[in-house]
Amino acid sequence: MSAYEVLKYRPEHKARIAELQCDLWSSDPALNAAILEWRYERNPYLDDIPIYLATSHGRIVAMRGFYGGRWEAGIPRQENLVYCADDLVIAPEHRNRGVFTLIMKAAFDDLQASGDGIVLTLSGGMTTVLGSLAMGWKSIGQTLPTRLLSNRTRLLQLIRSYGAEVPVARQAVRWLPDRGRPERFTRLDSVGATRPSGGRVWLAREPQAQAMAELIERLGTDGRIRHVRDAKYFAWRFANPMNEYRFLYAGADRLTGYLVLRRCISDRFDTSAVYVSDWEGENVAIKRDLLRAAIDWGGFSELMAWTATAARETVQILLEAGFPEAVRSPRGIPCILVKPYGTTASAGTWTMAGKSVLDPSNWDLRMLYSMQG
Ligand SMILES: CC(C)(COP(=O)(O)OP(=O)(O)OC[C@H]1O[C@@H](n2cnc3c(N)ncnc32)[C@H](O)[C@@H]1OP(=O)(O)O)[C@@H](O)C(=O)NCCC(=O)NCCS
């Protein structure tokens, strides 16, 4: 008999999960409880809370959550509920005992009973990815991040790598900070224009969920698999208590583009980098103006964007702005993983709206959909 039992989340488990998540989400149980409430209790796509917990002698020692999303594909669009597996944490004294596999088996048995579809993993770390591949998940491909570093960050990295090679310098460079200063959008907020004037880009702290959704609707779809970006989604997505967002908008009476910047406030993650969560525009010039404003106003020590499924002209704008070409990691991470359940799993090919989910060219993947965005 296994030393562990798997059960499904009930509200009385919240405090223990908030404690357990001090190893992943943040060191602050109050923030962790807020993240749980936001991601699972206020999830707009599921009434159920599919968080699976492993217990040992009645005590919760591990969790993995499956939050809901509404994804679309094809022309005309077909929408599907898609689960996203995330938030894996195992208490230190219970690691290396097969708990991950145990939880995942129980979770898939439960999902199987509820219907069919696919589960995604958008932000898996090394162990999660290896464990998942061992259980039959498949990689759709790497996210291919690219980073624009400030001169100060580049200099720091140079000195660090030089110091690591030279014995006399090794001691000295140990005192250099690993990363840049925590980013708080201070420069962006003081420099950025906050009113639309003459069609120029402007900055806001709040999402214009409705206007952003209308822009997405106007731009249409190329039929690739992507999350539904309607007003409901935007309003929920940007309420993530782990992050702070800024919104660069183009257009006045009617939005013609937007670029969303995210910074993380949790002490368990990198707080010095800023992430391009989502980025849209009616044309290349608008997208270029938005990125230019973000770089000039923000003066960020590190600005990161995903490039894997971005359009060629979007990658070109990034390169022109000084981002380096994204490099494929030999370890294959970070990547997006997929696993079907129910009849989708038994079908010969795993598809959504008739499109193979294993073909990276069928996806329009944005950081926004993952916990990095
Ligand atoms: C990440 C974390 C959950 C891993 O816990 P763990 O107990 O070491 O994980 P497991 O030993 O169960 O490993 C998971 C699976 O990965 C696979 N795996 C792990 N390392 C592997 C390796 N080097 N090669 C091949 N497979 C490997 C195994 O299949 C294993 O399953 P099994 O034990 O049933 O054989 C744990 O370290 C943790 O909670 N860390 C803090 C939070 C965190 O970082 N979460 C991950 C967020 S992405």
Magnitude of the Cβ-charge dipole (Lys and Arg +1, Asp and Glu -1) of segment 247-330 about the Cα centre, nearest 20 debye, reported as 120 debye
Quote to one decimal, in nm, the extra length available between residue 42 and residue 75 on full extension: 0.36 nm per residue of separation minus the C-alpha distance between them.
-> 8.9 nm
What residues have an amide H closer than 5 Å to that of residue 51, excluding those fewer than 5 places away on the same chain, when H is modeled at 1.01 Å from N in the peptide plane?
-> 9, 66
Do you know the Lys pair count in the chain for C-alpha distances under 28 Å, with sequence separation 8 or more or different chains?
-> 16
Got the relative contact order for segment 123-236 handy, in percent, Cα pairs under 8 Å and 6 or more residues apart?
-> 13 percent
Residue among 16, 70, 263 with the largest mean-square fluctuation in a Gaussian network model of the chain, springs linking Cα atoms under 10 Å = 16
Percent relative contact order for segment 301-373, counting Cα pairs under 8 Å at least six residues apart, stands at 36 percent
Whole Å is fine, so just give me how far the alpha carbon centre of segment 297-373 lies from that of segment 195-217.
-> 25 Å
Return the long-range amide H neighbours of residue 70 (sequence gap of 5 or more, or a different chain), with a cut-off of under 5 Å between placed amide H atoms.
-> 82, 228
Restricting attention to segment 304-373, which trypsin sites (Lys or Arg not before Pro) occupy a DSSP loop and are surrounded by at most 15 other Cβ atoms within 10 Å?
-> 328, 331
Taking Cα centroids, how far is segment 133-177 from segment 118-132 in Å?
-> 22 Å
Rounded to whole angstrom, the alpha-carbon centroid of segment 223-250 lies from that of segment 43-67 at a distance of 24 Å
Would you grab the residues whose amide H sits under 5 Å from the one on residue 272? Only those 5+ places off in sequence or on another chain, please, with H modelled 1.01 Å from N.
-> 183
With an 8 Å cut-off on Cα pairs and a minimum separation of 6 or more residues, tell me the relative contact order of segment 251-373 in percent.
-> 25 percent
Rg followed by Dmax, in Å, when segment 113-258 is reduced to its Cα trace | 21.6, 63
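All of the numbers you see were taken from the coordinates with simple rules; none came from a lab. Please read all numbers here as calculations on a predicted model, not as lab measurements. When we count neighbours, we look across all protein chains shown, and the Cβ atoms used for this are built from the backbone with ideal geometry, even at glycine.
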